[in-house]
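A short write-up of the structure that comes next.
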Amino acid sequence: MTSPLQIELKAVNKYYGNFHALKNIDLAVPSGTFVALVGPSGCGKSTLLRSLAGLEETSGGKMEIAGVDVTDMPPRKRDVAMVFQSYALYPHMTVAQNLTYSLRIQKVAKAELRAAAEKVAASIGLTELLDRYPRELSGGQRQRVAMGRAIIRNPKVFLFDEPLSNLDASLRVQMRKEIRALHDRLGATTVYVTHDQIEAMTMADHVVVLRAGVIEQQASPMTLYERPTSKFVAGFIGSPAMNFIEGKICDNGTSVMLEMAGAPKLDIVQKVTPNMPVTVGIRPEHIRVAPSEECDFSLPVTLIETTGTMSYVSLGTAPELSLMLTDRTVFSVGDNIGLVVDKARIHLFDPKTEQAIT
Amino acid sequence: MRRIMMSVVDGKGFDLILVGAALIFLFLFSGLPLLYNILMSFQEVDMFSLGKFFRPFVGLDNYRALLSQPAFWPIMWNTIVFVTCSIGGQFLVGFSLALFFNLNFVGSTFIRGLFLVSWVMPGLVVGAIWNWILAGDFGVLNYFLENLGIIDEKIFWRSDINYSLWAVIITNIWLGTAFNMILLSVGLAGIPEDVYEAAELDGANAIQRLWTITLPMMRSTIGAVVSLGLIFTLQQFDLFAAITSGGPANSSNVAQYWAWELSFRQYDFAKGAAISTLMIFFVMFAAIVYVRSTKHEVRG
């Protein structure tokens, strides 16, 4: 990460009246990076993106794009391109006219327009559709036009605002790959907003998790998965979500006792004060089924959901524990099964601050 | 009878009944008078033959007589000036107001609603109010213009042949602006905000956005507003009656007022009918533009 910073945000704040939408956002994005802003609805991720585009005025802080202070610059001077959730195509223009709109605003010669449109259209598979109107296109095709409109400008930064949320599931998976491939081919700097953590994890180099206007954690996808710094991030990243069980560190400080039937004890690798109450986080994929003599604890099965490749098993305890199995299940609902937890991958959180204990 | 009842019950042919009822109504109350008017324009009509249907056929004599009147061409020119300037003024002011209220500031919806007051007032009342505003000696319009230094001496709007037509045009612009504004506001509201945002990010400034996004996307609305404006303006009679009565010396007379004058003042029904028939062509033209513009609605 030695490349120069393409985007730099310093202590960016945004208020809507009394509502503090963005709180002291600091973000540094090296050139060529794919950044995903992810978080639940209302966390401020779209506000942050729109502030970066200049569509929202910030209430404080500084924003730089490619070394230029853009904090008070109108959107049209920032040289950023945005793909909207609704695509925001110009309905009265053909695909070619949509693609070349920015060039026509820059008064590019007519002869070059068609060539530019054809070049971009060829790169994203729109050649056949250049003379169609947006209303004659499918959702996926509209999505491509919106992307083409961004590509043709060769902007400093690409912004995506939940671009795949209006597409059906299979198309979404395909477009995910295409957008990432496009990013790599153009060597672009991309900021991508999504509420879908899978999109963020699969596409981005750097994931920023937002919650209530605050950056909870920003790191590479695998760091977020393996070392979440808070219970929120741990629960948000990963699917199905992490199991949280209340517990208490034993007198020896090397194991934790879970608050569930049988009060099982698990060895831990973290150094923790003895007798401290903790929240234990265990990912569903880090629990496996074992014969009763080897297991850490056993629980009754309440539900088995099979997708063919995976089985999601719910276990009867409060709160319900879930586990994910890739091999075929040999038990059925009502059976008591023995379980083993991958000790190296147990996460501990302080129940009061919800921060990770390392 | 039973078949008709059945068609209502099982729905078959019910649509024909609905369409038929509307068409019969239109034919009786609009079609027949229209046709009767056209017929009358080719006949010799006087006070004694007024109640008859069959009257001496005179061909194009009424039209020839109209054309030979010295007032004909000035009045036609007045009509063109009145229509163009009224529509132009109503559209420009209405569109500016629509853009202004589209900023959605606090209270904008309420104030926009208040503007409709001018539209719901009867033309004669509007004319009476504007008579006060336009009055030469004590009217506020003169007072306003004098104090701004735009004019040096008072203009007698209603009695000066150079201004009488403009007195009616100004009043008519005031009357029709609200209608234009409301229709155009609806058109503006139909343009999604993100399209503007996309254009802004694509580098377009406010004026470029107006030309490349707003106006093209409002084409059908603008077509509807202008053609309805043409129809309403050609129907505008009250203001002439209330403000200038077409005078002085026909300086503010227009076709529709002249038709009434000929028919109901001079009892020359044939010539009045001839003018009305001529006007039908203009209105038909406007109606065709209107129907076409509403057909070509373009929305993403």
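The values are calculated or read from the model by the stated rules, or taken from the named source; none is laboratory data. What you are looking at is a predicted structure, and each value in this text was computed from that prediction instead of being measured. Neighbour counts run over all protein chains shown; Cβ positions are idealised from the backbone, glycine included. Ligands, DNA and RNA are excluded from the accessible area calculation, which covers all protein heavy atoms including side chains. Shrake-Rupley method; radii C 1.70, N 1.55, O 1.52, S 1.80 Å.
Overview of values
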read-out	value
Choice from B:Leu239, B:Leu215, B:Leu39 showing the highest fluctuation, given a GNM over chain B with Cα pairs closer than 10 Å	B:Leu215
Cβ-derived FRET efficiency at R0 41 Å, A:Lys177 paired with B:Thr84, nearest 0.05	0.10
Crossing angle, helix A:110-123 versus chain A [Cα axis fit, 0-90 degrees, rounded to tens]	20
Exposed trypsin sites (Lys or Arg not before Pro) absent - longest run of chain A, DSSP non-H/G/I/E/B, at most 12 other C-beta within 10 Å	A:108-270
Helical mean residue ellipticity (222 nm; -39500 (n - 2.57) per DSSP H run of 4+; nearest 500) of chain B	-20500 deg cm²/dmol
FRET efficiency estimate (nearest 0.05) - Cβ-Cβ, A:Asp342 to A:Ile304, R0 25 angstrom	0.75
Centroid-to-centroid separation of the range B:237-300 and the range A:223-275 [C-alpha atoms, Å]	86
Helix A:169-186 axis, angle to chain A major axis (alpha carbon atoms, nearest 10°)	60
Candidates per chymotrypsin sites (Phe, Trp or Tyr not before Pro) in the range B:60-132, loop by DSSP, up to 12 other Cβ within 10 Å	B:Phe105
Those chymotrypsin sites (Phe, Trp or Tyr not before Pro) in the range B:178-277 that DSSP places in a loop and that have at most 15 other beta carbons within 10 Å	B:Phe237, B:Tyr267
Rounded tilt (10° steps) of A:95-105 against the dominant C-alpha axis of chain A	70
Unit charges on C-beta of K, R, D, E only; dipole of the protein assembly as shown, Debye	1320
Using θ = phi - 60° and Karplus 6.51 cos²θ - 1.76 cosθ + 1.60, couplings along the range B:37-48 (whole Hz; Gly, Pro as x)	5, 5, 4, 5, 5, 9, 10, 8, 10, 9, 4, 7
Accessible area that becomes buried as B packs against A, both chains, 1.4 Å probe, Å², nearest 100	1900
Longest exposed-site-free window of chain B, the sites being GluC sites (Glu not before Pro) in a DSSP loop that have at most 16 other C-beta atoms within 10 Å	B:154-296
At least 10 Å² of accessible area lost relative to the chain alone, listed for the range B:179-198 with a 1.4 Å probe	B:Asp194, B:Val195, B:Glu197, B:Ala198
B:Ala71 versus A:Asp168: modelled label distance in nm, points set 7 Å from Cα along the beta carbon direction	7.2
Carbon/sulfur fraction of accessible area - chain B, other protein chains in place, 1.4 Å, %	71
Whole-Å semi-axes of the ellipsoid equivalent to the range B:65-299 (Cα gyration tensor, √5λ, descending)	35, 24, 15
Within a Gaussian network of chain B (alpha carbon springs, distance under 10 Å), most fluctuating of B:Met181, B:Met47, B:Met121	B:Met47
For the range A:94-225, accessible area per residue (1.4 Å probe, heavy atoms of protein chains only), Å²	42
Average beta carbon contacts from partner chains per residue of B:212-223, 10 Å cutoff	2
Under 17 Å from the B:Val125 label point (7 Å along Cα→beta-carbon), backbone N, the range B:152-195	B:172, B:174-179
Charge dipole (debye, nearest 20) of the range B:65-299; +1 at Cβ of Lys and Arg, -1 at Cβ of Asp and Glu	600
Listed residues B:Ala98, B:Ala198, B:Ile243: farthest to the positive end of the dipole of the range B:65-299 (Cβ charges)	B:Ile243
In the range B:18-125, the trypsin sites (Lys or Arg not before Pro) that fall in loop regions by DSSP, at most 13 other Cβ within 10 Å	B:Lys52
Signed unit charges on C-beta, dipole axis of the range A:128-281, positive-most listed residue A:Gly148, A:Met203, A:Thr254	A:Gly148
For chain B, built as a Gaussian network whose Cα springs stay under 10 Å, the top-fluctuating residue of B:Asn131, B:Asn180, B:Asn172	B:Asn131
Value at 222 nm in deg cm²/dmol, rounded to 500, when DSSP H runs of n ≥ 4 in chain A each add -39,500 (n - 2.57)	-7000 deg cm²/dmol
Dipole magnitude (debye, nearest 20) for the range A:67-161, charges at Cβ of Lys, Arg, Asp, Glu	200
Carbon + sulfur, % of accessible area of chain A - ligands and nucleic acids excluded, 1.4 Å	50
Residue order for B:Asp160, A:Asp26 - accessible surface, 1.4 angstrom probe, largest first	A:Asp26, B:Asp160
